[in-house]
Amino acid sequence: MQHKTLGRFFTLAACAAAACIASSPALAQEVVKIGYTGPLSGGAALYGKNVLSGIQMAVDEINASGLQVSGKKVKLEVVALDDKYAPAEAAINARRLVQQHKTPAVFVPHSGGIFALQAFNEQEKFLVMAYSSVPRITDAGNKLTIRIPPAYTGYIEPFIKAQMKRYGKNVAMVPADHDYAKAWVQAFVPAWEGAGGKVVGNIPMSYTKATDFYTGVSRAIAEKPDVMFVGGPSEPTALVVKQARELGFKGGFIIMDQAKMDEMAKITSGLGMLEGSIGVMPLVNDARPVAQAYNARYKKLHDGRDATTEMSLNYTMTWALANAMKLAGTTTDATAIRAKMPDAMKALPKDVNPNEVEGIDAKGGSVADTVVGWVQKGKIEPVRLSELAK
């Protein structure tokens, strides 16, 4: 009887001790929610899921490595909401994420949604992690915004110089009709004309709502362009290219950076129809060792599926966000976290920076000498923007 009583006593004592240890401030684990609002259904669903996949991979690795902020263990969790690529839905989602889940940062992968969040994020004190290369995102002076990819304006002059030299001076614009595509067009048209070229057609189409682009593409081809400017989510962009080739277009394509050529090749049955295209270098074709190592890790976790650029860039910036929390000593103060983002980016290990992002500028935009891809003789050839612009 005495042994049973003592046994119960030691059991209770051990439980009490474990409870004390678990509740100790030094060892307690804080759960921090990271928000995501993006297209998880509809025509842009693949794009939205790719972005989310990169964020989630980083969160899993960060949790496995053991994040500590001010001596407290921190576990990150992603809360993802579908906004169907609609800015109004993105704003509703962001308010829900911040108010219900207390997210210090919200990732959003489309410019319309980003601008919608910027209307109130400084007042509600959360960081907008903006996956869009529109320069205005950071030029507007929002103090709680990080632009994840480098500005698309860095692509325009090198792309124009390369394609105009190779194919000719007449371009037909057949972009998507969302805000991001409009911003690209607004910058591209004067640059093309300033280089001595002519815009022979400008026919925006609803890439996220349509699957047949015959009417718009045939109108563009009727103007006899040497080059076609296309771009939106990868799948519909590929359909536009496919229909252009089927209608007899022989020239080159300038592909807006939202679309990824490796994903497009799945729709066009290889790179044949993409011959002469210039756009973002697919990660799977990037020969840099750190990019290949990242892709190998991603494939292992995702049944052999290759990673994409939107995955890798959001992956890197999620790591930078966690590192900024650590440097700032807070998981809740968005202003303090934002202030440490440049230092956090520079301090990242190379193996979590497959795109070799060099830093974050004073406005909050990422900086890099980007490697792009140019389809030549059936292969995607790598070239840095700095080399292409020469």
Worksheet, complete the sentence: Asserting the computed 222 nm helical MRE of the chain (DSSP H runs at least 4 long, -39500 (n - 2.57) per run, divided by residue count, to nearest 500) equals -14500 deg cm²/dmol
Discussion item. Explain nothing, just the number: relative contact order of the range 220-377, from Cα pairs under 8 Å at least 6 residues apart, as a whole percent.
Written reply: 20
Worksheet, complete the sentence: Sorted by chain and then number, the residues having a modelled amide H within less than 5 Å of the amide H of Ile203, at least 5 places away or on another chain, are Met173, Val174
Discussion item. Relative contact order of the range 41-126, please, whole-number percent, based on alpha carbon pairs below 8 angstrom and at least 6 residues apart.
Written reply: 25
Worksheet, complete the sentence: Taking every DSSP bridge whose two residues both lie in the range 231-390, the antiparallel percent to the nearest 5 is 90
Worksheet item: Which residues' amide hydrogens lie under 5 Å from the amide hydrogen of Thr103, considering only partners 5 or more residues apart or on another chain, with H built in the peptide plane?
Response: Val98
Item to complete: Return the tail of the calculated pair distribution for the range 184-324, meaning the percent of Cα-Cα pairs more than 26 Å apart.
Response: 33
Response to the item:
Diffing the range 279-284: the Karplus 3J(HN,Hα) column from phi (6.51, -1.76, 1.60, θ = phi - 60°), in whole Hz with x for Gly and Pro, holds x, 5, 5, x, 4, 5
Worksheet item: Listed here are the pairs Lys84/Lys125; Lys73/Lys326; Lys49/Lys377; which of them are more than 21 Å apart at the Cα?
Response: Lys84/Lys125; Lys49/Lys377
Discussion item. So I have (1) 24.6; (2) 18.8; (3) 21.8, and one of them is mean projected area of the Cα convex hull in nm² calculated from this model. Which one is it?
Written reply: (3)
Discussion item. Restricting to bridges with both residues inside the chain, how much of the DSSP beta-bridge set is antiparallel, in percent to the nearest 5?
Written reply: 30
Practice prompt. Between Asp60 and Asn202, take the C-beta separation as r, use R0 = 45 Å, and let me know the FRET efficiency to the nearest 0.05.
Written response: 0.55
Discussion item. Given a 10 angstrom Cα cut-off, can you work out which residue in Pro150, Pro104, Pro349 is the most mobile in a GNM of the chain?
Written reply: Pro349
Worksheet item: Tell me, in nm to one decimal, what length is gained between Gln292 and Gln29 on full extension, where the rule is 0.36 nm per residue of separation less the Cα-Cα distance?
Response: 91.3 nm
Response to the item:
Rounded to whole Å², per residue accessible area for the range 219-347 with a 1.4 Å probe reads 35
Discussion item. Which order do the peptides 253-266, 74-87 come out in when sorted by mean C-beta neighbours inside 10 angstrom, highest first?
Written reply: 253-266, 74-87
Worksheet item: Counting only heavy atoms of protein chains, what accessible area per residue, in Å², does the range 24-111 have with a probe of 1.4 Å?
Response: 39
Item to complete: Run the quick spin-label model on Lys165 and Thr332: label points 7 Å from Cα toward the beta carbon, then report their separation in nm to one decimal.
Response: 5.6
Discussion item. Leaving out ligands, DNA and RNA, and with a 1.4 Å probe, what % of the accessible surface on the range 286-390 is carbon or sulfur?
Written reply: 53
Response to the item:
Check: C-alpha center the range 31-90 vs C-alpha center the range 291-346, spacing in Å is 11
Fill in: For the range 293-390, alpha-carbon Rg over 2.2 N^0.38 Å
1.27
Response to the item:
Taking 0.36 nm per residue of separation between Lys102 and Ala347 and subtracting their Cα-Cα distance, the length gained on full extension comes to 85.5 nm
Worksheet entry | Extended-chain gain in nm, criterion 0.36 nm per residue less alpha-carbon gap, Arg136 and Tyr214 | 24.8 nm
Item to complete: Springs between alpha-carbon atoms under 10 Å, Gaussian network over the chain: tell me which of Glu122, Glu310, Glu235 tops the mean-square fluctuations.
Response: Glu122
Worksheet item: If contacts are Cα pairs under 8 angstrom and at least 6 residues apart, what is the relative contact order of the chain in percent?
Response: 16
Worksheet item: Per the 1.4 Å probe, what fraction of the accessible area of the range 118-256, in percent, lies on carbon and sulfur atoms?
Response: 49
Worksheet item: Given the options Ala176, Ala362, Ala324, which has the most mean-square fluctuation in a GNM of the chain, springs set between C-alpha atoms less than 10 angstrom apart?
Response: Ala362
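The values are calculated or read from the model by the stated rules, or taken from the named source; none is laboratory data. Bear in mind the structure is a predicted one, so any value in this text is a computation, not a measurement. As a convention, Cβ positions derive from the backbone with ideal geometry for all residues, glycine included, and neighbour counts pool all protein chains shown. Only protein heavy atoms, including side chains, enter the accessible area calculation; ligands, DNA and RNA are left aside. Shrake-Rupley method; radii C 1.70, N 1.55, O 1.52, S 1.80 Å.
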